[in-house]
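Working notes, structure below.
The values are calculated or read from the model by the stated rules, or taken from the named source; none is laboratory data. Predicted, not measured: the structure shown is a model, and the values here were computed from it. Neighbour counts are summed over all protein chains in view; Cβ atoms, including those assigned to glycine, are modelled from backbone coordinates with ideal geometry. Accessible surface is based on the protein model in full, side chains and every heavy atom, while ligands, DNA and RNA are left aside. Shrake-Rupley method; radii C 1.70, N 1.55, O 1.52, S 1.80 Å.
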Amino acid sequence: DLDDPFLRETVSATEVALLRDPEFIARFRGRWQPPVASAEDREKAIGLHVEELLTNVKMLHERGVPIVLGTDVGTVFSFAGFSVHDELEHLVEAGLTPGQALEAATIRAAEMLDAEEEFGTIEPGKRADLLILGANPLEDIRNTRTLETVIAEGRIVDREALPIRIP
């Protein structure tokens, strides 16, 4: 993901360089990745782990368990904003429709926080936080990456003025 152009819009070159530092990678692999001998075995183990996670999400969804989007931002290689788009794509890969994945990120998240009166749907009196997209995410969930306008608390956000924006 570190080379993904969409990610690079919000993650600085300095941060990417730190995440690619061989010493950091060695420490990270030692703590968080499966203890396997080769890079090929490690990639295989990670792939099996992701496959298991997707299978579990699908099973829970099919049994009617509410699925809520919630990235672990603040952990290594989980990035505010970007990781939400990744997770939406994974939810669809697990068997949710694009609409159900979007509900997991909006109304289901609000319900889990007992805040559906404040946000989660577009209604009078609720927070006016919106993303205006250039393509329909119901047709392809990856279209959530076609951000054209961000509205926070009813105001258009000047994305170019954000401090994390890459020059």
Next item on the list: Name every residue in region 99-126 that is exposed (fewer than 15 other Cβ atoms within 10 Å of the Cβ), out of contact with any Ser or Thr (no Cβ under 8 Å at 6 or more places or on another chain) and in a loop (DSSP other than H, G, I, E, B), in order of residue number.
Entry: Leu113, Asp114, Ala115, Glu117, Glu118, Ile122, Glu123, Pro124, Gly125
Notebook entry, point to check: If you take the residues of region 127-146 that are without any contact (Cβ under 8 Å) to a residue 24 or more places away in the chain and either touching a Phe, Trp or Tyr at 6+ places or on another chain (Cβ under 8 Å) or open to solvent by less than 40 Å² (accessible area, probe 1.4 Å) (or both), which of them is nearest to Asp86 (Cα to Cα)?
Noted result: Asn143
Next item on the list: Name the residue, out of Asn143, Asn136, Asn56, that is part of a loop (DSSP other than H, G, I, E, B) and modelled with pLDDT of 90 or more.
Entry: Asn136
Checklist line | Residue satisfying condition, being over 20 Å from Phe6 (Cα atoms) and not small (Gly, Ala, Ser), within set Leu133, Leu113 | finding: Leu113
